[in-house]
Each structure stands twice: as structure tokens, then as C-alpha cells.
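Everything below concerns the one structure shown next.
The values are calculated or read from the model by the stated rules, or taken from the named source; none is laboratory data. Fair warning: this is a prediction, and the values are worked out from it, not measured in the lab. Here Cβ is always computed from backbone atoms with ideal geometry, including for glycine, and neighbour counts include all displayed protein chains. With ligands, DNA and RNA removed, areas are computed over all heavy atoms of the protein, side chains included. Shrake-Rupley method; radii C 1.70, N 1.55, O 1.52, S 1.80 Å.
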Amino acid sequence: MAFIADALSRVKPSATIAMAQKARELKAKGVDVISLSAGEPDFDTPDNIKKAAIDAINRGETKYTAVAGIQELREAIAKKYKRENGLDYTAAQVIVGTGGKQILFNALMATLNPGDEVIIPAPYWVSYPEMVAICGGTSVFVNATIENGFKLQPEDLEKAITPKTKWFIFNSPSNPSGAAYTHDELKKLTDVLIRHPHVWVLTDDMYEHLTFDGFKFATPAQVEPGLYDRTLTMNGVSKAYAMTGWRIGYAAGPIELIKAMDMIQGQQTSGTNTIAQWAAVEALNGPQDFIEKNKAIFQSRRDLVVSMLNQAKGISCPVPEGAFYVYPSCAGLIGKIAPSGRVINTDQDFVMELLESEGVAVVHGTAFGMGPNFRISYATSEAMLEEACSRIQRFCGACK
């Protein structure tokens with residue numbers, strides 16, 4: 001009898017975490033590596049948020065909290081949804097978790113039975129299908145092609161829905177592509193979902209505030225109020241507030257689902273870090289002006305990276321609407337010979353040869369369900385990005 005659970009045989013390690021770790025290991029050996037693999041803002045957490053955490057410690061806010069989160073944070077989240085998304089939720093409809101991952105995982109764990117299907121547009125965040133697999137569900141992938149700006153088309157969503165479909169996972173702006181859906185584009189998808197009342201919507205809005213060129217963000221339950229009773233709207237403070245290590249994710253949805261997730265979390269981790277919760281209250285209720293300043297910096301970085309990558313031989317890089325990723329195609333390099341003398345047969349070959357030859361760490365596209373592409377995170381300085389892109393240009397130019 002095997003000791004390790006069978007479910008783990010269906011799960012792969014996170015490719016983004018693996019590449020970031022590989023880059024750290026090479027750096028520790030003295031190799032000059034530029035890592036563009038981690039989805040983490042390089043900005044520091046704003047001082048008012050850090051002060052709120054220190055004040056919470058000094059007040060003695062260091063005890064266990066309710067599983068779903070402190071009342072003050074749940075109320076702040078409900079106000080955020082009303083203020084920014086036009087969605088009405090009570091604090092009882094809100095749950096706080098240890099990062100967005102726990103929120104997503106608990107939602108799937110609370111609802112999936114063997115044979116249940118979850119529609120996931122590709123390219124997708126690497127953790128979605130692995131979470132579905134652990135929870136006993138079946139992922140159904142639907143390609144959102146580069147020709148369509150990596151955006152799922154309504155007719156393709158319609159074809160993917162079956163009587164076994166339980167969830168549709170929706171991520172805009174997207175990790176890894178940066179694609180974001182306009183209100184009208186999203187309305188075409190919600191029109192499909194309205195026709196299939198057994199399908200629930202799990203929307204990952206983590207990059208909501210990181211959109212460019214005046215793009216106006218919208219979320220499914222906001223676009224189509226008819227989906228309100230079967231939508232879990234997830235978000236967090238990690239990206240826009242530069243609070244990745246604080247580990248605060250949250251969601252709002254139907255009370256029955258929130259209660260089920262609360263029960264799982266109660267037997268799993270219980271309440272989220274108390275001090276981080278108080279910091280998140282300040283993040284949501286405090287000044288928001290720094291978000292626009294950071295967004296302008298990200299947009300400038302995006303423009304630099306897109307321009308330089310499109311000057312690299314064999315690379316084609318679309319302009320994303322949001323997040324801090326680009327998802328270029330390296331199709332023009334497949335079949336070429338790398339400087340090492342090895343043939344580049346796949347996008348994974350491409351990223352490994354790039355790392356070995358030029359010390360630039362990126363993540364291969366097949367890890368996100370679509371290749372031959374690769375993902376670059378431009379959440380680092382322009383100087384570092386310019387150097388990394390120059391190295392990519394040099395590597396591509398050396399391939400024969």
C-alpha cells in the first residue's frame with residue numbers, strides 16, 4: 001500500500017516557484033542571474049500600512065480571530081466591493097484567507113465531487129488545475145489564443161459547458177498573459193453563463209488595480225447581476241498594495257458557500273494572521289493614491305519590455321492590458337540551434353537555454369497551458385529589465 005496519497009500523483013509542482021528557486025540557487029553560487037520569474041511587486045508596503053500593523057501589535061492584537069476574519073476587515077472588504085465594484089455584500093458574506101490561494105482552494109474543496117468539471121481558460125495561472133486535481137475535480141481547458149489577445153471567446157466557452165460543469169474560473173487581468181476583458185467582452189461571456197444556471201463563477205480579481213492606458217476594470221457579478229447568487233468574487237492585497245508576504249486574500253459570495261469555506265478553514269488553518277488583518281484594514285480604508293503612481297511605473301516598464309522583446313529575432317510579444325506580465329511567443333525560435341549547440345524543440349528548452357546562456361530566468365509557457373510562449377514578470381527596475389531584454393535579444397540573435 002502506497003504511503004503518499006494518490007491525489008498527489010495528479011499534481012505537478014509550481015513552475016513559477018521552481019524557476020524562482022532555481023534562479024536563487026544560481027545566484028547563491030555566484031552566477032549573474034536576472035530573475036523575471038516571480039509575480040511579486042518590487043515596491044515596499046506603504047508606510048501607513050506598516051504602521052497599522054505596528055499599532056496592532058502595540059494594542060495587543062495578537063490573539064486568535066474568528067475563522068472568517070476580524071469584523072473590521074470583513075466590513076472594510078464589503079465597503080470596498082460596494083465602492084469600487086458596485087456589489088452589495090454584508091460582512092457575513094465575506095471570508096478572509098491566508099492569501100488568494102487558500103480562498104480558491106477552500107472554495108473548490110467545499111464544492112467539488114469526483115467527476116465535477118471546472119472550465120479554465122488557457123493560458124492559466126499554474127495553480128488552478130493543480131487545486132482542481134487535489135480537490136477531486138476535472139479541469140477542462142479552453143484555449144484563449146494569441147490571435148484573440150489571449151481572451152476567451154463566448155462560443156468556445158459555450159462549447160466547453162457540459163452537465164458536469166460546476167465552476168468557470170475567470171481571471172482578469174490575467175496571470176500569465178496580462179489580458180484584461182472590457183465590460184462588453186465580459187458581457188458576452190456572462191450572457192453564455194446566464195443560459196447555464198448550474199455553472200458557478202469563481203473570479204480571480206487579484207490584479208484589478210493594475211490596468212493600463214485608461215482601461216476600466218469590471219468583474220462578472222458587476223456586469224451581470226443575474227450571476228450574483230452563483231459567483232465567488234476573490235481578491236486580495238498582495239499585488240496592488242505590495243503586500244505579498246502578508247498573506248491576505250479575501251472573497252465575497254453566497255452565504256452558504258462562505259459558511260462551507262469557513263468550516264473547511266476552521267479545520268485547516270483557522271483565522272488568518274491577526275496583525276496582517278489589521279494591516280489590510282488600513283490598506284483598504286486608507287489612502288489609495290500610491291496605487292496610481294505604482295501603476296504608472298508598471299505601465300512604463302510594460303512598454304519598455306514589449307518594445308525590446310519585439311526587436312528580438314523570433315519573438316512576438318502582444319501588448320497586455322494589465323497585471324505585470326508579458327506572454328510572448330517564441331515560435332520563431334523552435335527548431336533553431338542555441339549557442340550551446342543544442343536544438344530548441346520546446347518553450348521549456350528555450351527558457352533553460354536562455355538561463356544557461358545569458359542568466360535570464362523566465363517561465364516556460366506550457367506550464368501555463370499554452371506554448372510555445374514564455375512569461376516574463378516586469379515587477380523589477382527598468383535598468384534590470386533593459387539589461388534582461390538586451391540579453392534576450394543577444395541570445396535570440398545567436399540562435400541559428
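Among the numbered criteria (1) open to solvent by 10 Å² or more (accessible area, probe 1.4 Å); (2) of a type outside the set (Asp, Glu); (3) in contact with a Pro (Cβ under 8 Å, 6 or more places away or on another chain), which single criterion is violated by PRO328?
For PRO328, the failing item is (1).
Determine whether segment 333-344 contains at least one residue that is in a helix (DSSP H, G or I), surrounded by 24 or more Cβ atoms within 10 Å (Cβ to Cβ) and not small (Gly, Ala, Ser).
no
May I ask you to list pairs of residues, at least six apart or on different chains, whose Cβ atoms are under 9 Å apart, with the first in segment 307-330 being of a type in the set (A, V, I, L, M) and the second being at pLDDT below 95 and surrounded by fewer than 22 Cβ atoms within 10 Å (Cβ to Cβ)?
ALA323/GLY39
Taking MET308 as meeting all but one of (1) open to solvent by 50 Å² or more (accessible area, probe 1.4 Å); (2) at pLDDT 95 or above, write down the number of the exception.
With respect to (1) open to solvent by 50 Å² or more (accessible area, probe 1.4 Å); (2) at pLDDT 95 or above, MET308 is out only on (1).
Which number in (1) part of a strand (DSSP E or B); (2) closer than 24 Å to LYS259 by Cβ; (3) without any contact (Cβ under 8 Å) to a residue 40 or more places away in the chain; (4) over 18 Å from the mean Cα position of the chain (by Cα) marks the one condition that HIS198 misses?
(1)
Tell me whether segment 380-391 contains one or more residues that are open to solvent by less than 10 Å² (accessible area, probe 1.4 Å) and either aromatic (Phe, Trp, Tyr) or part of a loop (DSSP other than H, G, I, E, B) (or both).
No, there is no match, as no residue in segment 380-391 is open to solvent by less than 10 Å² (accessible area, probe 1.4 Å) and either aromatic (Phe, Trp, Tyr) or part of a loop (DSSP other than H, G, I, E, B) (or both).
Can you name the number of the only condition in (1) buried (at least 21 other Cβ atoms within 10 Å of the Cβ); (2) among the basic types (Lys, Arg); (3) in contact with a His (Cβ under 8 Å, 6 or more places away or on another chain) that ARG302 fails?
Tallying (1) buried (at least 21 other Cβ atoms within 10 Å of the Cβ); (2) among the basic types (Lys, Arg); (3) in contact with a His (Cβ under 8 Å, 6 or more places away or on another chain), ARG302 fails exactly one: (3).
Look through segment 156-189, keep the residues that are part of a loop (DSSP other than H, G, I, E, B) and free of Cβ contacts under 8 Å to residues at least 40 places away in the same chain, and return whichever of them is least open to solvent (accessible area, probe 1.4 Å). Walk me through it before giving the result.
Initially, segment 156-189 is screened for residues part of a loop (DSSP other than H, G, I, E, B), giving 161-164, 172-182.
With free of Cβ contacts under 8 Å to residues at least 40 places away in the same chain added as a condition, the list becomes 163, 181-182.
On the way: PRO163: 127, TYR181: 14, THR182: 50 Å².
So the residue we want is TYR181.
Please find, among ILE95, ILE77, ILE70, the residue that is more than 23 Å from the chain's Cα centre (by Cα) and not charged (D, E, K, R).
Answer to the selection: ILE70.
Within segment 8-31, can one find any residue that is at pLDDT 95 or above, open to solvent by 30 Å² or more (accessible area, probe 1.4 Å) and within 22 Å of the chain's Cα centre (by Cα)?
no
Say we look at segment 345-365 and pick out the residues that are surrounded by fewer than 18 Cβ atoms within 10 Å (Cβ to Cβ) and polar (S, T, N, Q); which of these is nearest to LEU36 (Cα to Cα)?
In this case the residue turns out to be SER357.
Inside segment 189-229, can you point out the residues that are in contact with a Leu (Cβ under 8 Å, 6 or more places away or on another chain), within 21 Å of GLU158 (Cβ to Cβ) and among the charged types (D, E, K, R)?
Correct list: GLU224 only.
What number of residues within segment 24-40 satisfy the criterion of being touching a residue at least 60 places away in the same chain (Cβ under 8 Å) and closer than 23 Å to ARG247 by Cα?
6
Which condition breaks for GLY69 when tested against (1) of a type outside the set (D, E, K, R); (2) out of contact with any Lys or Arg (no Cβ under 6 Å at 6 or more places or on another chain); (3) open to solvent by 10 Å² or more (accessible area, probe 1.4 Å)?
Condition not satisfied by GLY69: (3).
Out of ALA92, ALA78, ALA107, which single residue is in a helix (DSSP H, G or I), touching a strand residue (DSSP E or B) at 6+ places or on another chain (Cβ under 8 Å), surrounded by fewer than 24 Cβ atoms within 10 Å (Cβ to Cβ) and touching a residue at least 12 places away in the same chain (Cβ under 8 Å)?
ALA78
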